[in-house]
Every structure is written in structure tokens, then in C-alpha cells.
Amino acid sequence: MGEAIAVTDSGTLQTPKNPVIPFVPGDGIGPDIWVAAKKVFDSAVAKAGGGRAIDWLEIQAGEKALKETGDTLPEASLEAIRKYHVAIKGPLTTPVGKGIRSVNVALRRTLDLYACVRPVRYFPPVPSPVKHPEQVDMIVFRENTEDVYCGIEWPKDSAEAREVIALVEKLSGRKIREDSGIGIKPISKFGSQRLVRMAIEYALAHGKDSVTLVHKGNIMKFTEGGFRQWGYELAKEAFGDVTITEAELWEKHNGKLPAGKKLVIKDRIADAMFQQVLLSPSEYSVLALPNLNGDYMSDALAAQVGGLGMAPGANIGHGVAVFEATHGSSPKDAGQNKVNPSAVILSGAMMFEYIGWNDVATMIRQAVAKAVQTRHVTFDLAAQMENAVQVSCTDFGDSIVANLA
Ligand code: NAD
């Protein structure tokens, strides 16, 4: 019998030896991947020792849940995630149709999973479109709940759009075309600072040397510019003893980190940053971004190191986290035992790190790296890799298990 992970008021996790972890295999390719991934997780935990084991608890979400309960995200599943604090899920299909909500968006909103966290690193010899993918080792903290993504929108010609247009014209003296759709872009100090705090805490805990605030504050001064300003303010007020701004580093210390300081806080304008990650990726490690910039940047960086099949992720809130691959349910590949399970497996590694089982996380990452190096890989990688042999999803999972050490 497993036990629930406990969370203190400050958000620190206390993980028992046998934590209950809810999981959703997912739709489409999800069940194929889950079989391979679970075997890797259980084998790694057993190999790491210490009498630890996961007590997996299946919960429902997505297409299967809709069929069986009439709801894509039953309350019982949300309750289980709240109770056990940490969950892992496969991809979920968003059924096409009016009134059906996206489960992923609903999960983030209901549980206030305010940070979408995506580490991006290269696993040689995965095919990549750039010359030096090995220079990419970044982790993206994307704000998940605000910005133009928060879903406050009205269609053109609606009464609400007309009312907002009239109000904005009155307040700003600027004309908005009357056939405009309207979307609202709120970015708050609270939302920005809790996200930047998570990024800074991560950087400090993992010995990273910088956190870069990526924004479009030169144009959107009070939203994106606010994100930048509040980020710097938080770094100074809450972490001033160990952080230094890039400006101060160069003005006063000739670019050399002074004694006692551990972390450089810098900022980049989003468009320039897209060039920077291509031209000078090694200068960046932890990135903090508002929602829309973060969405684009996560996918662009994933492409730089070889695409979706290897891209893990997590949505994290205060004392609750849901780990997931960043790819979708790819219905055309479902049930064929052919897709790459690495993204969910690497999301599991993030999960083990999150619950404090760093030894398990490291073991899994190293095993994935070794399995890829054998060039016996799933179709997505084999198609572009020289001298590759294509293997099934389960065989690739088994290869990762065989490489656990
Ligand atoms: P997708 O990610 O499912 O597929 C895009 C492409 O990537 C396909 O060509 C597919 O073959 C390939 N691919 C995806 N995962 C792969 C893997 N593990 N190994 C090898 N190749 C892989 O995106 P889509 O087709 O746009 O979306 C399908 C469904 O998934 C939609 O209903 C969408 O809403 C949903 N979706 C869910 C999530 C999530 O649950 N987090 C994320 C994105 C999309």
C-alpha cells in the first residue's frame, strides 16, 4: 500500500518510500507509450534501491473518460491529483466539437498549474537542423495562466466586443476598427513574480549560472515590460544576496561574478532572443517567459535539438505538478507500437527529480542517452539518422531498461 506525498505550507515535498502517483496513459499513442514508460520507471526505481517503489493509481481523463463518464476531466481525477500532489499523463486528444473543453487547458486552470516547465537538451546523435545542438542546455519556465492565452476574448460584432471597443476608445482616444475581434492580455505582478521565483529557485538548486527574462517590453510596456521589471524586482528583493543583474556585473565587476553571487539575472527582447538561442545558445540556461513568448520559444528550442519525440515537460503549481510529454496523441500512429516513448520517459525523470529522487532521474536520463547512441531507435529518429535500425516503441523502452545503471 502506498502513501500520499506530503507538502508543507511552504511547498516543500515530503516523499515516502512508496508514494502513490496517479497516471493517465492518455489517448491515441498514449497507451503504447505508457507500457514502455512504466517499465522504465519501475525498473529504475528498483535498481536505485532503498526499498522504494511507486504505487501507480490510474485516473481518467480525455477520450476514455468522456466515453465512460461523459466528462473529459472527471472531478474524481482532479481530486486524486490534489490529494497525491504529483501526477503523470500521456497525451490527450482534444475532441473536436463545440462545448468540449481542452483537458490540458482545464487541468492547468483548475489546479492553477502556473508554470509550464520544459527542459531542452540534446541527445546525440539525434538528427538536428542546427550545426551545434549540443550547445543547447536550457530549461524554459513559461507562465501558464495569463497573457493573451488566458481565454478572455470576444468575437467580432459581439455586443461584448463592441462594448470593449467603445470603452477602449474612450480611455485611450484611439480608434479600433469596428469589425475587430477582441482579446485581453493581462499580465500581473503576482503571476510574473511567482513564475520568476520558481525559475530562480530552480537555477539556484541546480547550480545554473543565469536566469534570462524574455519579454517584448519595448512595445508592450505595462504587460511584457511589467514582467521584466517585476522579475528584476523579485530577484533583488528575495534573492539579492546571491543574484546580480547582468548590467551591474559588467558595470562594476568587468563581467566576473563577485564573491558570494551565484546567479546572473538578465533580460532579452523576445525577437532578439530567437536569434540568440540559434547563434549563442551556450550563453543561456534558465529562461522565464510570459505565456505566448514561452509557447513559441519552447517549440523552437525543442526543434533545435531534434523535435517533439524527445521533449519532456511539466505543468507545476504550488505543491502540485502534472508531468507530460509535449507532443500530442498522434491518432494516426495509435496502437501500432511504433512511436518514440522518450518524451514521456524524460518527463518521468523530471517527476523523479521533483519528488527528490534525483538518483532515479539521473539514471533514466543517462539510460535514454545510451539507448539513443545505439542507433536502434524508433521511426521518427531512424528516418533521419545514419546507420539507424528502426525498432518498436516497446523495444526502445526495453533498450532504455537494459541501459539503466
Ligand atoms: P501530435 O504531437 O500528436 O503529432 C504531430 C506529429 O508528431 C505527428 O506527425 C506525429 O507522428 C509526431 N509525433 C508525436 N508524438 C510522437 C512520438 N512520441 N514519437 C514519434 N512521433 C511523434 O500533434 P497533433 O497531431 O497536432 O495533435 C493530435 C491530438 O493531440 C490533438 O487532439 C491535440 O489537441 C492533442 N494534443 C495534446 C497535447 C497534450 O496532451 N499535451 C499536446 C499537443 C496536442
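The values are calculated or read from the model by the stated rules, or taken from the named source; none is laboratory data. Predicted model, so just to flag it, every value in this text is computed and none were measured. Positions of Cβ are generated from backbone atoms using ideal geometry, with glycine treated the same way; all protein chains shown enter the neighbour counts. Surface areas here come from the heavy atoms of the whole protein model, side chains and all, with no ligands, DNA or RNA. Shrake-Rupley method; radii C 1.70, N 1.55, O 1.52, S 1.80 Å.
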Going through the stretch 323-337 one residue at a time, which ones are more than 6 Å from the ligand (Cβ to nearest atom) and open to solvent by less than 20 Å² (accessible area, probe 1.4 Å)?
-> PHE323, ALA325
Wholly within the stretch 325-405, which helices (runs of 4 or more DSSP H) include no fewer than the required count, namely at least 3 residues that are of a type in the set (Ser, Thr, Tyr)?
-> 342-354
Please go through the stretch 273-312 and pick out each residue that is closer than 21 Å to ALA235 by Cα and among the small types (Gly, Ala, Ser).
-> SER285, ALA288, GLY294
Which residues, taken from the stretch 131-143, are assigned to a strand (DSSP E or B) and over 17 Å from ARG365 (Cβ atoms)?
-> VAL140, PHE141, ARG142, GLU143
If a residue has to be within 20 Å of PRO31 (Cβ to Cβ) and modelled with pLDDT of 90 or more to count, how many in the stretch 82-96 make the cut?
-> 6
Within the stretch 178-192, is there a residue that is open to solvent by less than 30 Å² (accessible area, probe 1.4 Å) and closer than 29 Å to TYR122 by Cα?
-> yes
Within the stretch 121-143, residues being more than 16 Å from LEU279 (Cβ to Cβ), of a type outside the set (Phe, Trp, Tyr) and open to solvent by less than 20 Å² (accessible area, probe 1.4 Å) number 5
Has the stretch 294-303 got any residue that is of a type outside the set (A, V, I, L, M, F, W, C) and in contact with a helix residue (DSSP H, G or I) (Cβ under 7 Å, 6 or more places away or on another chain)?
-> no
So which residues in the stretch 158-193 are out of contact with any helix residue (DSSP H, G or I) (no Cβ under 9 Å at 6 or more places or on another chain) and among the aliphatic types (A, V, I, L, M)?
-> ALA159, ALA161, VAL164, ILE165, ALA166, LEU167, VAL168, LEU171
Which of (1) at positive phi; (2) in contact (Cβ under 8 Å) with a residue 60 or more places away in the chain is the odd one out, the single condition GLY49 does not satisfy?
-> (2)
Those residues of the stretch 295-319 which are away from the ligand (no atom under 15 Å from the Cβ) and either aromatic (Phe, Trp, Tyr) or on the phi > 0 side of the Ramachandran plot (or both) amount to GLY319
Do the conditions hold for THR212, that is, is it touching a residue at least 60 places away in the same chain (Cβ under 8 Å) and over 20 Å from MET138 (Cα atoms)?
-> no
